[in-house]
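Enquirer: Next up is a structure, given as structure tokens.
The values are calculated or read from the model by the stated rules, or taken from the named source; none is laboratory data. What you see is a predicted model; the values in this text were computed from it and never measured. Reconstructed Cβ throughout: ideal geometry from the backbone, glycine too, with neighbour counts over all protein chains shown.
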Amino acid sequence: LPTLPFWVSVDGEEAEDGDTMGLFSRDGDAVLRQVPLGPLRKNLSDTVDALQQLFADADARGGTLPLAEAQLNFQVTASGGIQLIGSGQVQGTRGLTLVFKRPA
């Protein structure tokens, strides 16, 4: 199985599915883990597909302030899961950022 090394935090707590916490959690120690590419690819693809549908729905509403750009932070879990970071969690949390821009 192809993998990609990611730093993930392990704080002794596990999610309901047994997955370790995501990247750069403020609680816990970071360890280098080999994240399986298959689940990561599928989860990221599914997340981007869902977000693009949400953006299309927002764009279809029109209005005086159309959606021109969206930035979303996310974390990767040790099993290849994707966790979007809500605005309340962003302070002091590092993660990866997806930026969606309207073509010029």
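Enquirer: Could you figure out which of (1) closer than 20 Å to W7 by Cβ; (2) at pLDDT 90 or above; (3) exposed (fewer than 12 other Cβ atoms within 10 Å of the Cβ) isn't true of L32?
Expert: Here L32 clears every test but (2).
Enquirer: Considering region 68-88 alone, what residues qualify as being exposed (fewer than 13 other Cβ atoms within 10 Å of the Cβ) and under 16 Å from V99 (Cα atoms)?
Expert: Within region 68-88, A68, E69, Q71, G86, S87 meet the criteria.
Enquirer: Also: Select from region 35-67 the residues that are farther than 30 Å from L4 by Cβ and loosely packed, with under 13 Cβ neighbours inside 10 Å and list them in ascending order.
Expert: Once the filter is applied, which keeps residues that are farther than 30 Å from L4 by Cβ and loosely packed, with under 13 Cβ neighbours inside 10 Å, region 35-67 yields D57, A60, R61, G62, G63, T64, L65, P66.
Enquirer: Scan region 45-59 and report the pairs whose first residue is free of Cβ contacts under 8 Å to residues at least 24 places away in the same chain and whose second residue is surrounded by 10 or more Cβ atoms within 10 Å (Cβ to Cβ) and not in a helix (DSSP H, G or I), with Cβ atoms within less than 6 Å and a gap of 6+ or a chain change.
Expert: Filtered contacts from region 45-59: A58/L67; D59/L67.
Enquirer: Please determine whether any residue of region 14-29 is exposed (fewer than 15 other Cβ atoms within 10 Å of the Cβ), assigned to a strand (DSSP E or B) and modelled with pLDDT under 75.
Expert: Yes - at least one qualifying residue is present in region 14-29.
Enquirer: Working carefully through the options A50, A58, A70, find the one that is modelled with pLDDT of 75 or more, in a helix (DSSP H, G or I), among the hydrophobic types (A, V, I, L, M, F, W, C) and within 18 Å of the chain's Cα centre (by Cα).
Expert: The match here is A50.
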